[in-house]
Amino acid sequence: MAEGLLIIRAFIGLLLFAHGTQKLFGWYGGHGLEGTGGFFASLGHRPGKAMAALAGMSEAGGGLLLTLGLLTPLAVAMIVGVMTVAAISVHGKNGLWATNGGYELPLTNAVVAVGIGFTGAGSWSVDNAVGLHLSGWAWGLLALVVGLIGASIQLARVNKAMAAVEDTYPAETDLAADPATADQS
């Protein structure tokens, strides 16, 4: 079992680490903080550059902690938080399937992380090596709840930002129905 947990932790953790460094440093074909920050701002994650840095640090940091099996519940909370926000704000409108740009991949990453949150990192982990017993229902549930609270806070910020934009720049009215622009012939 320890080998299986190590393989899962390393695979998911290193992919998330790399994905985070795309945001932070532009590595692996990423856009760095400038490009990712602009994209984030367009989605309502403002200030864009700071939110891109937070997402990148959550992915890279959570991924690295998960890979090492170090402070595993913290890693899980970071991954659940950032993947939930990505699933909803970036991919949600596209449905489930990744082939349509959907939330399948961030959902999978979050669920795998939660599973590890409940089982613990296993005997081949830093947690185990230093005597931290961070597995079971309490740790798994705590990691899940903390991650979802973090995601909820960020999504509430986005909704507030988007509402402010809508108030400032309301949707255009139907000009044909506007009496001021009606054909006066």
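The values are calculated or read from the model by the stated rules, or taken from the named source; none is laboratory data. Since the model is a prediction, treat every value here as computed from it, not as a measurement. Cβ placement follows ideal geometry from the backbone for every residue including glycine, while neighbour counts extend to all protein chains displayed.
Miscellaneous remarks
- From the list V85, V111, V80, V76, the lone residue that is among the β-branched types (V, I, T) and surrounded by fewer than 17 Cβ atoms within 10 Å (Cβ to Cβ) is V111.
- The sole residue among A138, A143 that is in contact with a helix residue (DSSP H, G or I) (Cβ under 6 Å, 6 or more places away or on another chain), in a helix (DSSP H, G or I), at pLDDT 95 or above and not basic (K, R) is A143.
- Residue under evaluation T36, criteria (1) more than 30 Å from S125 (Cβ to Cβ); (2) surrounded by fewer than 23 Cβ atoms within 10 Å (Cβ to Cβ); (3) touching a residue at least 12 places away in the same chain (Cβ under 8 Å), criterion not met: (2)
- Within segment 29-70, tally of residues that are at pLDDT 95 or above, among the polar types (S, T, N, Q) and under 25 Å from V165 (Cβ atoms): 2
- Counted residues, segment 146-172 - those being acidic (D, E) and either outside any helix (DSSP H, G or I) or at pLDDT 90 or above (or both): 1
- Hits in segment 116-152 (condition: closer than 19 Å to I79 by Cβ and exposed (fewer than 12 other Cβ atoms within 10 Å of the Cβ)): W137, A138
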